[in-house]
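Just so it is clear, none of the values below were taken in a lab; they were calculated from the coordinates. Just so you know, these numbers come straight off a predicted model, no measurement behind them. Ideal geometry is used to build each Cβ from the backbone, glycine not excepted, and the neighbour counts take in all protein chains shown.
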Amino acid sequence: MTGLLKKDLYLSANMFRSYAAVAAIFSVLTAFHIFDISFFVSYVSVMCIMIPVNLFAYDEQARWDKYGAAFPCGRSGMVLARYLFTLLICCGSLLFSLLLQAAVAWATGVQGVDRLELLLSGLLPAAYGCFMNALLLPLLYKFGSQKGRIYLLMVMGLGVGLIFATMAILKELNFSVSQFSLSLLALPPLGLLTLIPSYFLSRRIFFHKDL
């Protein structure tokens, strides 16, 4: 199991460097107020989704599934390792977003409701990344990375559409994000918990998949 996690970490090393370089550019643009901080945090959530998707593409190119299925941990171990890696990515995304928004709140000196809304604006995109992974990983196991990318665009488009529609409705009704603070704060841990049923579904799909 440890070896499978190391494999994903090694494969992701180049991706991490590329994403970090882009993140550095965005951070500079954000510092000069060209981009809003929420845009930078949203980029982190997209990175959280794309890394597992790219890992599936690498595995398919190397025909890893047939080789990995012969390991003592078998297919269930392969799926568990991929979900544990995804869990690490999601937790890292949540922690980074929270620390980033807390640093911005401290630097700008915002207090009260404004600080709460700032923190929520950082946590919600990261929670979105967790939900998207829970939806997409079973699709990737079922259809592979090529068709899975199509579903990725569909699911992300639907998710973004729902978020903007909800925010527009709340704005029309003169509701503030802070009024839903307790329920919104529950979204990140709920997003992580959705990976549990997603794991069992993916394991079932992969177990019956013809390699």
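Summary table
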{"quantity": "Footprinting exposure proxy for ARG63, ARG82 (fewest neighbouring C-beta atoms within 10 Å first)", "calculated": "ARG63, ARG82"}
{"quantity": "Hz values of 3J(HN,Hα) by residue in the range 189-199 - Karplus curve (6.51, -1.76, 1.60), Gly and Pro given as x", "calculated": "x, 5, x, 5, 5, 5, 5, 5, x, 4, 4"}
{"quantity": "Net length gained if the chain between ALA62 and ALA13 were fully extended (0.36 nm per residue, minus Cα distance)", "calculated": "15.9 nm"}
{"quantity": "Under 12 Å, Cβ to Cβ, from ALA81 - net charge with Lys/Arg +1 and Asp/Glu -1", "calculated": "+3"}
{"quantity": "Inter-label distance, nm, simple model (7 Å from Cα along the C-beta direction), VAL28/THR2", "calculated": "4.0"}
{"quantity": "Cross-link reach list, lysines versus LYS209, counting only Cα pairs under 26 Å and skipping chain neighbours closer than eight places", "calculated": "LYS6, LYS7, LYS66, LYS142, LYS147"}
